[in-house]
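In what follows, a single structure is set out as structure tokens and then discussed.
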Amino acid sequence: MASFPLDAATTLQGLRVYRSLFLAGIVVLVYDHLLTFSAEVLYIWTPVRKKRSSVLYLVVRYSALCGYMAMLSLVFGNFTPKKLSLANEILMLSEEVVVGCMLALRVFALYSFDKRVIATVIAAAIASIAVAVWSIVSGAQDTNTTYDTSVFGCQLSQGPIATFCVGLGGIVGPAWDILLVGFTLYHGSKYRKSLGMSHAGTLWLVLVRDGAIYFGLSSIANLANILMYYFGDLNTAGSVSHFTIALSVTMACRLMINLHAAATAPELELETSELGTLRFS
């Protein structure tokens, strides 16, 4: 990644890219919410007895919307550079933790809260959070990080050390996704074999389809984000982060709604006692 100072034109271009990708993340969140709002009312709001996953869904969905709307004033306003940087880090880390918790609880339910699975996932979560916090703290100590206030708003130019640390922290997301998707697909495969092709179709398709789509899109977005940290210039490093988080929230909420729909499908009433995900959803 280039570490030399950038001229005003390049700085403005980087600022334009950053803001455009931030707005793209908001568009994805809002547009998908409009598309799925009727299903949300049907499966999340309508049931008299609220389920644990319903509460978690609402936390994930609306905390992301509120957080991104609050960030609008910071991204397009003329605020203190350090406040903008801190708000960015808090928003991204908090949303990653919330989405990760939702997916982890889904895995716990799939395995009927098996202690070995819980211990493995919690250990991975602690390690992931530790790496993420280390990357933020270490990156903040980079003396080459500058804040350009020569243009409207504020543009953060990360130094080489900060870029490396934050980029390394960005690898935690894909690693976490691989772990949870692996658990999900493994359980789905065992469930399919135990029931046979005649009874496992709908559930298997929901798990594999949504899990594969979530993992595929999140992996592509995370890869683009990591590449921007290591190969982008000082102003575009990390510019894909907000879009990546928005996409992860969107796909996680889609996964939750579809599993709620599968839980209420008449054909899934058979053998539900063996299915942890239905008890949790």
### Task
Could you list all residues from the range 13-33 that are closer than 15 Å to S73 by Cα and exposed (fewer than 15 other Cβ atoms within 10 Å of the Cβ)?
S20
## Note on the structure
L223 fails exactly one of (1) in a helix (DSSP H, G or I); (2) buried (at least 21 other Cβ atoms within 10 Å of the Cβ); (3) modelled with pLDDT of 70 or more; (4) not charged (D, E, K, R), namely (2)
## Note on the structure
Within the range 237-246, of all residues that are closer than 9 Å to L21 by Cβ and in a loop (DSSP other than H, G, I, E, B), the one modelled with the lowest pLDDT is S239
### Task
Please find, within the range 175-190, the residue that is modelled with the highest pLDDT out of those that are surrounded by fewer than 16 Cβ atoms within 10 Å (Cβ to Cβ) and among the hydroxyl-bearing types (S, T, Y).
Y186
### Task
Search the range 239-250 for residues that are closer than 12 Å to L93 by Cα and without any contact (Cβ under 8 Å) to a residue 12 or more places away in the chain and pair each with any residue that is crowded, with 24+ Cβ neighbours inside 10 Å and of a type in the set (D, E, K, R) when their beta-carbon atoms are under 6 Å apart and the residues are at least 6 apart or on different chains.
none
### Query
What are the residues in the range 38-73 that are under 20 Å from L103 (Cα atoms) and of a type in the set (V, I, T), if any?
I44, V55, V59, V60
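The values are calculated or read from the model by the stated rules, or taken from the named source; none is laboratory data. Every value quoted in this text rests on a predicted model; they were computed, and no experiment measured them. Using ideal geometry, Cβ is built from the backbone for each residue, glycine included, and neighbour counts are taken over all protein chains shown.
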